[in-house]
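Visitor: Here it is, the structure, as structure tokens.
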Amino acid sequence: MRTIVTILVTFIVSTIGFSQNTILSSNPLTEHEINSIFTDSLKTKLEINYSVYRAYEYNDKGGKHFIVMTENKVKCDERKDCFDAIKVFCLLYKNGQYDLEWNVTDFILPKGNEVSEEYSISIWTKYFELNDHDNDGFIDPIIVYGTFAMNGTSDGRIKILVYHNGKKSAIRHQNGTLDFERNTQVDESYYQLPKVIQDNVQLIMKNITEDENGIFPYNWKNDMENQKLNFDEN
């Protein structure tokens, strides 16, 4: 009898755990889905002024959300497509309404900037993630984007944004062809994120380096383990 009860309890617990996990999902929207959902009137209402590059839907304990990535295209000689600004919107869809949860706005540095001559900025969806790393039932979006300057990404900027419990933590990096030009800044709040999220961000940074999209200061891993807020090659 005890064995039967134990098996029944185990089955119930497993079933509950499985049903909780099934609410977590994410998927990219097709171009048709983007156009069907984000009509001109809705984009006007939400103040989505740039062209939609990618859009994603995800579901967690907070409900149904959409992340809409937009870029403002401009003419340039350096690349086939150039963009001078980006905007990312995270929207909560509830009761037929879209409410803004958070957004990201960034742009290339103005001409004549002493750091670098940037000509384009783009969202690096290769490193974009929608996962519940700490298993709390809420997805923690990670967004990565960067700029292109005279030497491509070699002297552009990189930003890694992590959203956990609705709060943003950022890593800001200035690339450089020379060692002394590289610098990384980390928000203090980043080091309060669950370790599993920090480990995943470090993996993204490693992948960025291996893909030759960025070079972080030589001892960046040790610097982050020591919770440094600002580090370079010096």
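The values are calculated or read from the model by the stated rules, or taken from the named source; none is laboratory data. Because the structure is predicted, anything quoted here is derived from the model rather than measured. Counting neighbours? That spans all protein chains shown, and the Cβs are built from the backbone with ideal geometry, glycine included. Quick note on the areas: whole protein, heavy atoms, side chains included, nothing else; ligands and nucleic acids left out. Shrake-Rupley method; radii C 1.70, N 1.55, O 1.52, S 1.80 Å.
Visitor: Quickly rank 53-64, 93-104 as a protection proxy: mean count of other C-beta atoms within 10 Å, highest first. Could the numbers behind the result be given before it?
Guide: On the way: 53-64: 16.4, 93-104: 12.5.
Peptide ranking by packing, descending: 53-64, 93-104.
Visitor: Take the alpha carbon atoms of the range 124-189, find their center, do the same for the range 18-83, and report the distance between the two centers in whole angstrom.
Guide: Here the two parts' Cα centres lie 19 Å apart.
Visitor: If I take every Cα pair under 8 Å that is 6 or more residues apart in the chain, average their sequence separation and divide by the length, what percent do I get for the relative contact order?
Guide: Relative contact order for the chain comes out at 11 percent.
Visitor: Another question about this same structure. Helix-only mean residue ellipticity at 222 nm, the chain, DSSP H runs n ≥ 4 weighted -39,500 (n - 2.57), per residue, nearest 500. What is it?
Guide: -7500 deg cm²/dmol
Visitor: Amide H to amide H under 5 Å from Lys73: which residues, 5+ apart in sequence or cross-chain, H placed 1.01 Å off N in plane?
Guide: Under 5 Å from the amide H of Lys73: Ser51.
Visitor: Using label points projected 7 Å from each Cα along Cα→Cβ, tell me how many nm separate Glu225 and Asp99, to one decimal.
Guide: Here the answer is 4.4 nm between the modelled labels.
Visitor: Amide H to amide H under 5 Å from Glu101: which residues, 5+ apart in sequence or cross-chain, H placed 1.01 Å off N in plane?
Guide: Cys90, Leu91, Leu92
Visitor: Sticking with this structure for a sec: On C-alpha positions alone, give me the angle between the axis of helix 2-21 and the longest principal axis of the chain, in degrees, nearest 10.
Guide: Once rounded, one gets 30 degrees.
Visitor: Next up: Contact order normalised by length for the range 151-196, with contacts defined as Cα pairs under 8 Å and 6 or more residues apart; what percent is it?
Guide: Dividing the mean separation by the residue count of the range 151-196 yields 31 percent.
Visitor: Put +1 on the Cβ of every Lys and Arg and -1 on every Asp and Glu Cβ in the chain; which of Gln97, Ile139, Leu42 then has its Cα farthest towards the positive end of the dipole?
Guide: Gln97
Visitor: At q = 0.09, 0.10 Å⁻¹, what base-10 log of I(q)/I(0) does the Debye formula yield for the chain when every alpha carbon is treated as an equal point scatterer in vacuo?
Guide: For the chain, the Cα-only Debye profile gives -0.45, -0.55.
Visitor: Computed over the Cα atoms, what is the radius of gyration of the range 42-120 divided by 2.2 N^0.38 Å, N being its residue count? List each step's numbers first, then the result.
Guide: Details: Rg = 15.5 Å, N = 79, 2.2 N^0.38 = 11.6 Å.
This ratio for the range 42-120 stands at 1.34.
Visitor: Can I ask one more? Averaged per residue, what accessible surface does the chain expose to a 1.4 Å probe, in Å²?
Guide: Accessible area per residue: 57 Å².
Visitor: Once you sort the root eigenvalues of the Cα gyration tensor of the range 185-234 as a ≥ b ≥ c, which label holds: rounded (a/c under 1.5), prolate (a/b larger than b/c) or oblate (the other case)?
Guide: Values: a/c = 2.19, a/b = 1.20, b/c = 1.83.
Since a/c reaches 1.5 but b/c is at least a/b, the shape of the range 185-234 is classed as oblate.
Visitor: Number of Lys-Lys pairs in the range 20-104 under 24 Å by Cα, sequence gap 8 or more or different chains?
Guide: Number of lysine pairs found: 14.
Visitor: Please express the shape of the range 140-234 as an equivalent ellipsoid: the semi-axes are the square roots of 5 times the eigenvalues of the C-alpha gyration tensor, given largest first in whole angstrom.
Guide: Working: eigenvalues 93, 44, 24 Å².
Semi-axes from the Cα gyration tensor: 22, 15, 11 Å.
Visitor: Explain nothing, just compute: Karplus ³J(HN,Hα) = 6.51 cos²θ - 1.76 cosθ + 1.60, θ = phi - 60°, for every residue of the range 55-64 in order, whole Hz, x for Gly and Pro.
Guide: Karplus-based 3J(HN,Hα) across the range 55-64 equals 9, 9, 10, 9, 10, 8, 5, x, x, 9 Hz.
Visitor: Output the 0 to 90 degree angle, nearest 10, between the alpha-carbon long axis of helix 195-210 and the longest principal axis computed from the alpha carbons of the chain.
Guide: Orientation of helix 195-210: about 40 degrees from the principal axis.
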